[in-house]
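Working notes, beginning with the structure itself.
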Amino acid sequence: MAEPQRPQQEIQSVLTENRVFPPPEEFSRKAHLRSMEDYHRLRDEAAKDPQAYWGARAREELYWKEPFQTVLDWKPPHARWFVEGRTNLAYNCLDRHLPKLKDKPAILFEGEPGDRRTVTYGELAAQVNRLANGLKSLGVKKGDRVGIYLPMVPEAAVAMLACARIGAVHSVVFGGFSAEALQDRMNDAGAKVLLTADGGWRKGAVVPLKKNVDAALPNMRTIEKVVVARRAGDAGTPGPKDVSWEELVKGQSDTCEPEWVESEHPLFILYTSGSTGKPKGVMHTTGGYSVYASLTTRWVFDLKEDDIYWCTADVGWVTGHSYVVYGPLLNGVTSVIYEGAPTQPGPDRFWEIITRYKISILYTAPTAIRAFMRLGDEIPRKHDLSSLRLLGSVGEPINPEAWMWYRDVIGGGRCPVVDTWWQTETGGIMISPLPGATPTKPGSATFPLPGIHAEILDREGMPVPKGQGGLLFVTHPWPGMLRTVYGDPDRYVKTYFSELPGKYFTGDGARTDADGYIWLMGRVDDVVNVAGHRLGTAEVESALVAHPRVAEAAVVGRPDDLKGTALVAFITLKKGTVPSPELKKELATHVAKEIGAIARPDELRFAEALPKTRSGKIMRRLLRDVAAGKQSTGDTSTLEDLNVLATLRQDEE
Ligand code: WT7
């Protein structure tokens, strides 16, 4: 097992973490789940008869046009949930609520430049239907893939819901990804139509989405039409495939009969990084994903009708799918969408937003929390954050210090903090406190949700003793699980179900403490979590070696106070290339162009050679040590001789 990426110091500090915060009484009294007895009751019920348990949840959470008879058909590692059922996710997010919630805000939007929009449930339904009809007019049919490459504007939610309404499969690509990354994903998904915008606002500048689309278009083999929304900029001269969003929806009917799809009909494909160079198209299907998103949103965030809920994630990530769009709308609450950067135009943008909309639930990432913590307590303290009643964290391990700061300074000491562990592949939250029930410990995601079987095992499948690190598996299927890797069913089996046959391998290391609390320890594969963004080191390496001056590259993670993990690239250059600071810059920019700014290495180091084992494998553990500064290599300003180290270490690998 590779070493988990949590810094050693950090592991020491969480090992000795013994503060416990029981849920505030006032909070518990009104919560959906009020005590650990509630939790144990549900957990035992689920364990005793999983089919009855999940069947009941599915009937409670969704409207089914056709009921299901089979709750689960499990032929490891392939699951089908709520098999005969037919439903529609857009209907469940919108139509179902309209009799009561037509005039209630579904989305409160704030753009980075300060423009604001309220979209009620009624308006959202009409917009979704118009776009759904528009997509149909472009020839989009049930099962067709539709790409979405949009900024964080209400149209992103409209686009996703319009696809769901007509049974088209959406594949959202994060607006921060480059033209190259977009093109690879669209080709892999075989998308027919791409929904985009002329640009979006980020840090006071326009993200040139349409320009990226234009750059990728000649290589996007399957795209027939590009629908361009107006937002931030200049769409340029329309090309032959361009359709204006506004023109497309103009004159369309605001009603559209939902396509009642089978429960296992694909809902979306979302690309995520794995251990190899090529991102995986994680595929989720309609029934199981919807049930799981709906249930986990209500339980983990203890949703109430009058909550104003803000998840700061981008819809380009799974958090945006499940907890900006689908989970909140399925529950009929108001979801806040903010377009831009957290500190634009100043360091208190987040706190202003919370005060302005009287946000009651905030769900954000440890990286953001740590960045705010650095800016000092005075900034949030100047704002009225008293509307907050619950705080959530997601995406990477949260260190106890940041957890405490979040609780005390942002939550005023009165809000429970839920540290939620899950993945693109799991569809929804898997391990998390239930805020009215679970006593929390700073830095622990606590326990699996009822019905989820998370186990920490060694490579042989044996449970590891308490306190010891092991591999995190999910040993039973759950409705929100991915169904396959799009276009590569073997990779699904190999990546997730081959470490221990039939058991879902998460790629994470974890341990339990004496009280059975789960502590996540970071990835154990070649995936790194940089500022909450998941990247494959192999992806960054292949971007680097695509540069004409690079011979070989090895990319590793190094503990970083702010980002959690920073990227360090060790590079050998082609013969005759002179190493220079300018070349370093050029290579960093090259990676950003190939993948996106989130993949730009934090540090580049030129080496004479990369340390390899006798069989030719790069010694990544050694490089991680070097990157973390554990091993002095003398003057590392230009070229380091890692061969020497490799020779010294050879016996160890
Ligand atoms: C990886 C999944 C889940 C939505 C956002 C990320 C890490 C996620 C936590 C947490 C420790 C966490 C894991 C996981 N991770 N949440 N609360 N504590 N680690 O989704 O991009 O699929 O990344 O993020 O390493 O495997 P993702």
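Please determine whether any residue of segment 102-110 is at pLDDT 95 or above, more than 27 Å from the chain's Cα centre (by Cα) and not charged (D, E, K, R). There is no residue in segment 102-110 that is at pLDDT 95 or above, more than 27 Å from the chain's Cα centre (by Cα) and not charged (D, E, K, R).
Of the strands (runs of 3 or more DSSP E) that lie entirely inside segment 506-562, those containing 1 or more residues that are touching a residue at least 40 places away in the same chain (Cβ under 8 Å), of a type outside the set (Lys, Arg) and touching a Leu at 6+ places or on another chain (Cβ under 6 Å) span 527-530, 550-560.
Identify, from the list 307, 314, the residue that is open to solvent by less than 10 Å² (accessible area, probe 1.4 Å), in contact with a helix residue (DSSP H, G or I) (Cβ under 9 Å, 6 or more places away or on another chain) and touching a residue at least 24 places away in the same chain (Cβ under 8 Å). Steps first, answer last, please.
Working: 314 fails: open to solvent by less than 10 Å² (accessible area, probe 1.4 Å).
Residue meeting the stated conditions: 307.
Among the strands (runs of 3 or more DSSP E) confined to segment 207-293, the ones with at least 1 residues that are open to solvent by less than 20 Å² (accessible area, probe 1.4 Å), touching a residue at least 60 places away in the same chain (Cβ under 8 Å) and within 16 Å of the ligand (Cβ to nearest atom) are located at 266-272, 280-285.
Could you say which residue among 114, 139, 147 is on the phi > 0 side of the Ramachandran plot and in contact (Cβ under 8 Å) with a residue 60 or more places away in the chain?
Values: 114 fails: in contact (Cβ under 8 Å) with a residue 60 or more places away in the chain; 147 fails: on the phi > 0 side of the Ramachandran plot.
Result of the check over 114, 139, 147: 139.
Applying the criterion of being farther than 20 Å from residue 321 by Cβ, of a type outside the set (Lys, Arg) and part of a loop (DSSP other than H, G, I, E, B) to the residues of segment 410-424, the residue that is nearest to the ligand (Cβ to nearest atom) is 416.
Residues checked against (1) farther than 20 Å from residue 362 by Cβ; (2) open to solvent by 20 Å² or more (accessible area, probe 1.4 Å):
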site	(1), (2)
401	no, yes
407	no, yes
418	no, no
422	no, yes
435	no, no
439	yes, yes
457	yes, no
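Only one of the numbered conditions (1) within 16 Å of the ligand (Cβ to nearest atom); (2) open to solvent by less than 10 Å² (accessible area, probe 1.4 Å) is violated by residue 367, and that is (2). Across segment 357-381, the qualifying residues are those that are touching a strand residue (DSSP E or B) at 6+ places or on another chain (Cβ under 8 Å) and assigned to a loop (DSSP other than H, G, I, E, B), and the one among them that is nearest to residue 23 (Cα to Cα) is 360.
State whether one or more residues within segment 119-133 are part of a loop (DSSP other than H, G, I, E, B) and either touching a strand residue (DSSP E or B) at 6+ places or on another chain (Cβ under 7 Å) or without any contact (Cβ under 8 Å) to a residue 12 or more places away in the chain (or both). Give the steps one after another, and end with the answer.
Here is the first cut: in segment 119-133, the ones part of a loop (DSSP other than H, G, I, E, B) are none.
Within segment 119-133 (the criterion being part of a loop (DSSP other than H, G, I, E, B) and either touching a strand residue (DSSP E or B) at 6+ places or on another chain (Cβ under 7 Å) or without any contact (Cβ under 8 Å) to a residue 12 or more places away in the chain (or both)), the answer is no, since none of the residues qualifies.
The set of residues in segment 425-448 being within 9 Å of the ligand (Cβ to nearest atom) and part of a strand (DSSP E or B) consists of 431 alone.
A quick yes/no check of all residues on (1) within 25 Å of residue 445 (Cα to Cα); (2) within 16 Å of the ligand (Cβ to nearest atom); (3) part of a loop (DSSP other than H, G, I, E, B):
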position	(1), (2), (3)
313	yes, yes, yes
327	yes, yes, no
340	no, no, yes
345	no, no, yes
355	no, no, no
383	no, no, yes
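Whenever a residue of segment 150-174 is at positive phi, its partners that are among the small types (Gly, Ala, Ser), lying with C-beta atoms within less than 7 angstrom and at least six residues away or across chains, give the pairs 167/143. Any residue at all in segment 331-350 that's open to solvent by less than 10 Å² (accessible area, probe 1.4 Å), in contact (Cβ under 8 Å) with a residue 12 or more places away in the chain, in the same structural domain as residue 162 (by the TED database) and touching a Ser or Thr at 6+ places or on another chain (Cβ under 7 Å)? No, that holds for no residue.
When we screen 464, 493, 555 for residues that are within 28 Å of residue 186 (Cβ to Cβ) and either at pLDDT below 95 or open to solvent by 10 Å² or more (accessible area, probe 1.4 Å) (or both), the only hit is 493.
Among the residues of segment 520-557, which ones are on the phi > 0 side of the Ramachandran plot and near the ligand (Cβ under 9 Å from one of its atoms)? Before you say what the answer is, go through the steps one by one.
Applying the first criterion (on the phi > 0 side of the Ramachandran plot) to segment 520-557 yields 522, 531-532.
Selection gives 522, 532.
Could you please let me know if residue 479 is in a loop (DSSP other than H, G, I, E, B), buried (at least 24 other Cβ atoms within 10 Å of the Cβ) and away from the ligand (no atom under 16 Å from the Cβ)? Full working, then the answer.
Details: in a loop (DSSP other than H, G, I, E, B): yes; buried (at least 24 other Cβ atoms within 10 Å of the Cβ): yes; away from the ligand (no atom under 16 Å from the Cβ): yes.
Yes, satisfied.
Considering only residues in segment 385-399 that are away from the ligand (no atom under 16 Å from the Cβ) and of a type outside the set (Gly, Ala, Ser), the one that is most open to solvent (accessible area, probe 1.4 Å) turns out to be 389.
Only one of the numbered conditions (1) within 30 Å of residue 18 (Cα to Cα); (2) away from the ligand (no atom under 16 Å from the Cβ); (3) touching a Pro at 6+ places or on another chain (Cβ under 9 Å) is violated by residue 516, and that is (3).
Counting only helices (runs of 4 or more DSSP H) that sit wholly inside segment 571-653, those with at least 1 residues that are buried (at least 18 other Cβ atoms within 10 Å of the Cβ), modelled with pLDDT of 90 or more and aliphatic (A, V, I, L, M) are 581-594, 620-627.
The values are calculated or read from the model by the stated rules, or taken from the named source; none is laboratory data. Computed from a predicted structure; not experimentally measured. Cβ sites come from the backbone with ideal geometry, for glycine too, and all protein chains shown count toward neighbours. In case anyone asks, the SASA skips ligands and DNA or RNA and just uses the protein heavy atoms, side chains included. Shrake-Rupley method; radii C 1.70, N 1.55, O 1.52, S 1.80 Å.
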